[in-house]
1. Name, by its number, the condition in (1) free of Cβ contacts under 8 Å to residues at least 40 places away in the same chain; (2) under 25 Å from residue 433 (Cα atoms); (3) assigned to a strand (DSSP E or B) that does not hold for residue 193.
2. Please verify whether region 316-327 includes one or more residues that are modelled with pLDDT of 90 or more, surrounded by fewer than 15 Cβ atoms within 10 Å (Cβ to Cβ) and within 23 Å of residue 345 (Cα to Cα).
3. So, in region 375-405, exactly how many residues are more than 30 Å from residue 164 (Cα to Cα) and either under 20 Å from the mean Cα position of the chain (by Cα) or modelled with pLDDT under 95 (or both)?
4. In this structure, is residue 279 within 21 Å of residue 312 (Cβ to Cβ) and at pLDDT below 95?
5. Of the residues 103, 128, which single one is modelled with pLDDT of 95 or more and either out of contact with any strand residue (DSSP E or B) (no Cβ under 9 Å at 6 or more places or on another chain) or farther than 30 Å from residue 165 by Cβ (or both)?
6. Do we have residue 441 as touching a strand residue (DSSP E or B) at 6+ places or on another chain (Cβ under 8 Å), without any contact (Cβ under 8 Å) to a residue 40 or more places away in the chain and outside the structural domain of residue 234 (by TED's automatic domain parsing) here?
7. Among the numbered criteria (1) touching a residue at least 40 places away in the same chain (Cβ under 8 Å); (2) surrounded by 18 or more Cβ atoms within 10 Å (Cβ to Cβ); (3) under 22 Å from the mean Cα position of the chain (by Cα), which one does residue 36 miss?
8. Only one of 287, 277 is out of contact with any helix residue (DSSP H, G or I) (no Cβ under 8 Å at 6 or more places or on another chain), in a helix (DSSP H, G or I), assigned by TED's automatic domain parsing to the domain that holds residue 231 and more than 23 Å from residue 223 (Cα to Cα); which?
């Protein structure tokens, strides 16, 4: 079996791992590159294999850096199955349609206002391309083994992280490959801990937080402190948030804070149609998370869901303290950009940045203290207070990853550290080598290896 790293190698984005076995080809994850321009340009690279020769795709979870490239492959001729958990399939339907729609809108906006270097600016794919990709989704239950090619089987195991997330186990002619996917935290308020795995001949392990530890601060106390401080100066707290997982965690914490009267009785807005649709799935898949029916209902009743574009525009004219949660989580697109243009220049407001920000994204620039960020061809000054909260992350930190690895009863023949920025991946590589004594390396983009 041969594996080629087509993404998330030396970077935290663009997850794609291509397996070849007896002339059959299987792709684990199919993600978009995000962040730095030189990474985003990889989205336009040739795939490296005639797309019609690809036999199956397996998704670890729904986030776009793991699923967002699917419409491109389908538009270019892929017609095979796309395996994922049922919850991931439902989330992918929401995310891909929204992604295609946003890309079309942003290309149209750029062409109308003339700030793109391309003439005309084109979307990577359209909403219609996304619709075609959705027809190929094949829900697969956790722990249900399925043959995806001759002498090749697939099984999914719970990974925590977000609704539907899974680790992937592929067995080919007796050789077992495990891909961790994005690992959740053992004590996450929403999601169950990632399942332990005891055996693999080869392992891909994520390293998003491979070089750091999550803050020990109480996230509820921190949220209460930031929101109250902002409200006292009559400002608005704007939270760029991922629509899947992060938005629901914020809603849950804010619901609890209001229940305890730990924050002022101010309005809370969720300005993301996609996050609104995602939130409904938490009631549909109640067995896959920790929230009770009462908590699901309470966090929804305590939040005003913004639906129309006009409602979104009106939020920028808000003159009383409020909390606005808006996608996207790294401020790379979506409605949060319009809020940033209005709210970021005002020192009364706060930009609350929850969790990891990939290099090259607006979120990363804001956290790094940039005096301005470029949005829609304009330099927008950042005068609002900026607060980052790593304690809201849905990713396992370095110690939690090592803890998960210790569940293996014997070392894999080799472990590949993926899905991390260069320093994070290399620090985790060193820890795995030093503390566990395993054979381990960090692959580079387009590297190919034999799994024998």
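1. The single condition residue 193 does not satisfy is (3).
2. Pass one, region 316-327, residues modelled with pLDDT of 90 or more: 320-326.
With the extra rule that they be surrounded by fewer than 15 Cβ atoms within 10 Å (Cβ to Cβ), the set shrinks to 320.
Remaining after also requiring within 23 Å of residue 345 (Cα to Cα): 320.
For region 316-327, residues modelled with pLDDT of 90 or more, surrounded by fewer than 15 Cβ atoms within 10 Å (Cβ to Cβ) and within 23 Å of residue 345 (Cα to Cα): present.
3. So the first thing to find is which residues in region 375-405 are more than 30 Å from residue 164 (Cα to Cα), and the list is 375-386.
Pick out the ones that are also either under 20 Å from the mean Cα position of the chain (by Cα) or modelled with pLDDT under 95 (or both) and you get 375-378.
Looking only at that region, the number is 4.
4. Details: within 21 Å of residue 312 (Cβ to Cβ): yes; at pLDDT below 95: yes.
Yes.
5. Details: 103 fails: modelled with pLDDT of 95 or more.
Residue meeting the stated conditions: 128.
6. Values: touching a strand residue (DSSP E or B) at 6+ places or on another chain (Cβ under 8 Å): yes; without any contact (Cβ under 8 Å) to a residue 40 or more places away in the chain: yes; outside the structural domain of residue 234 (by TED's automatic domain parsing): yes.
Answer is yes for this residue.
7. With (1) touching a residue at least 40 places away in the same chain (Cβ under 8 Å); (2) surrounded by 18 or more Cβ atoms within 10 Å (Cβ to Cβ); (3) under 22 Å from the mean Cα position of the chain (by Cα) applied to residue 36, the lone miss is (2).
8. Values: 277 fails: out of contact with any helix residue (DSSP H, G or I) (no Cβ under 8 Å at 6 or more places or on another chain).
Matching residue, one of 287, 277: 287.
The values are calculated or read from the model by the stated rules, or taken from the named source; none is laboratory data. Keep in mind that what you see is a predicted model, and the values were worked out from it rather than measured. For neighbour counting, all protein chains shown are included, and Cβ atoms are generated from backbone atoms with ideal geometry for every residue, glycine included.
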